Amino acid sequence: MIANILQQQFAAIRHKVEQGERLSRDDGMLLYDPAIPLQEVGELANSVRERLHGNVAYYNINTHLNPTNVCIYRCRFCAFRSDLRDPKGYTMSTEQVLARGAEAYENGCTEMHIVGGLHHKMPYSWYRGIIETLHQAFPTIHLKAWTPVEIGWFEFLTKWSVSEVLADLREAGLGSLPGGGAEIFHAEVRDQLCEHKADAHKWFEVHRAAHQLGLRSNCTMLYGHVEQAFHRIDHLLRLRELQDETGGFQTFIPLAFHPDNTELADIKKPSALADLRTIAVTRLMLDNVPHIKAYWIMLGVETAQVALHYGADDIDGTVRHELIYHDAGATTPELLSSQRIAELIEETGRQPVERDTLYRHIHRDPSDPKLWTVGAPVALASD
């Protein structure tokens, strides 16, 4: 009897999706109900994914830069942070930052993803200088840098408004914002994870201001720790609401919690089935966010491949120098070649397409892959 009722409710959701209607909070909760077969949720999410993107799957050639792991905060889920005097702690010099930029350029990277700790001994000018130094030396590389957590810290250091901080960073060479620092927005969960860090209000204030300045950004959700399905759906609905207002989010990246070396090490890492359900649910709920990313570093290569048929249309990039997830026990490689990423996509039956941070086609010089030009924006299949 109960199973029949659930199937009737899921049939109503399927009808909504087929008609292009928006799903409700209750719909989202039902999609997370384990009584609804994962395969059925995945098939429905895949239908939306193919409606938007056809058979294409996107990737980019990028590198990560974490200038310091010294941080004033002690978030319970974080294995990356360090105290100033801890042997693990580090802070990169200008020369080291430039060397990382040179490496990115020589390997044909179109993007540097830059996030790090809030070092209480380093002024705002140091953080700004990282952007300015890299932009001046390697102007073709897009700098996607600083989450709302860092921006909120810069606001505190400078006594400027969020918009003033962002405008100053844009002048220095900032290209867009990553989506980190979101974790889970609901206060009853966030207070358990990172009670002193930028709250949900600050996170949204920063992204709203960035979008109003013409900066694009990504958005994320950290799942698989102390939150429940209700908190995840609440999180997605808040993102959907801001996207309705600004249209500035490009990509949503669901991030599975990795417990090793954290204060929550007793929590079991989410299963591949939980990962796939979350990716599928997010594709169905975030009807106004163009792209869903299956971050292979976090999911594992094989699960990321499967996710391309469960709602995801992007597998991220070459990555290079990923530290945050590996400090928390990730066993994936820290680097995949662009050729290998394209092969992984092709193995799933999808067509690999290289894009830049702003989802424009990248055209490589066949004789020198580190030389490239930016083409037209990628088109949605539904356009």
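The values are calculated or read from the model by the stated rules, or taken from the named source; none is laboratory data. Since the model is a prediction, treat every value here as computed from it, not as a measurement. When we count neighbours, we look across all protein chains shown, and the Cβ atoms used for this are built from the backbone with ideal geometry, even at glycine.
Which of the numbered conditions does residue 183 fail, given that it passes all the others? Conditions: (1) surrounded by 20 or more Cβ atoms within 10 Å (Cβ to Cβ); (2) over 25 Å from residue 124 (Cα atoms).
(2)
So residue 235 passes all but one of these: (1) in contact with a strand residue (DSSP E or B) (Cβ under 7 Å, 6 or more places away or on another chain); (2) more than 25 Å from residue 24 (Cβ to Cβ); (3) of a type outside the set (D, E, K, R). Which condition number does it fail?
Evaluating residue 235 over (1) in contact with a strand residue (DSSP E or B) (Cβ under 7 Å, 6 or more places away or on another chain); (2) more than 25 Å from residue 24 (Cβ to Cβ); (3) of a type outside the set (D, E, K, R) leaves (2) as the failure.
So residue 245 ticks every box in (1) surrounded by fewer than 21 Cβ atoms within 10 Å (Cβ to Cβ); (2) touching a strand residue (DSSP E or B) at 6+ places or on another chain (Cβ under 9 Å) but one. Which box is left unticked?
(2)
When you go through 133, 110, 147, 91 one by one, which is the residue that is farther than 26 Å from residue 61 by Cβ and touching a residue at least 24 places away in the same chain (Cβ under 8 Å)?
Being farther than 26 Å from residue 61 by Cβ and touching a residue at least 24 places away in the same chain (Cβ under 8 Å) holds for just one of 133, 110, 147, 91, which is 91.
Exactly one condition in (1) more than 16 Å from residue 310 (Cβ to Cβ); (2) touching a residue at least 40 places away in the same chain (Cβ under 8 Å); (3) outside the structural domain of residue 316 (by TED's automatic domain parsing) is not met by residue 17; state its number.
Tallying (1) more than 16 Å from residue 310 (Cβ to Cβ); (2) touching a residue at least 40 places away in the same chain (Cβ under 8 Å); (3) outside the structural domain of residue 316 (by TED's automatic domain parsing), residue 17 fails exactly one: (1).
Which is within 21 Å of residue 209 (Cβ to Cβ), at pLDDT 95 or above and either within 24 Å of the chain's Cα centre (by Cα) or surrounded by fewer than 17 Cβ atoms within 10 Å (Cβ to Cβ) (or both), of 94, 140, 158, 110?
One residue alone meets the criteria, 158.
What are the pairs, 6+ residues apart or on separate chains, where a residue within region 155-174 that is without any contact (Cβ under 8 Å) to a residue 60 or more places away in the chain has its Cβ under 6 Å from a residue that is outside any helix (DSSP H, G or I) and surrounded by fewer than 16 Cβ atoms within 10 Å (Cβ to Cβ)?
166/213
Checking residue 335 against (1) touching a helix residue (DSSP H, G or I) at 6+ places or on another chain (Cβ under 8 Å); (2) among the aliphatic types (A, V, I, L, M); (3) modelled with pLDDT under 95: exactly one of these is not met. Which one?
Of the numbered conditions (1) touching a helix residue (DSSP H, G or I) at 6+ places or on another chain (Cβ under 8 Å); (2) among the aliphatic types (A, V, I, L, M); (3) modelled with pLDDT under 95, the odd one out for residue 335 is (1).
Taking the condition within 16 Å of the chain's Cα centre (by Cα) and over 16 Å from residue 255 (Cβ atoms), does residue 146 pass?
For residue 146, the condition - within 16 Å of the chain's Cα centre (by Cα) and over 16 Å from residue 255 (Cβ atoms) - is met.
So, in region 67-91, of the ones that are crowded, with 17+ Cβ neighbours inside 10 Å and aliphatic (A, V, I, L, M), which residue ends up nearest to the chain's Cα centre (by Cα)?
79
Quick one: would you say residue 189 is surrounded by 21 or more Cβ atoms within 10 Å (Cβ to Cβ), modelled with pLDDT of 95 or more and in a helix (DSSP H, G or I)?
no
Can you tell which of 354, 347 is surrounded by fewer than 13 Cβ atoms within 10 Å (Cβ to Cβ), in contact with a helix residue (DSSP H, G or I) (Cβ under 8 Å, 6 or more places away or on another chain) and closer than 25 Å to residue 310 by Cβ?
347
Quick one: would you say residue 208 is in contact with a Ser or Thr (Cβ under 7 Å, 6 or more places away or on another chain) and in a helix (DSSP H, G or I)?
Answer is yes for this residue.
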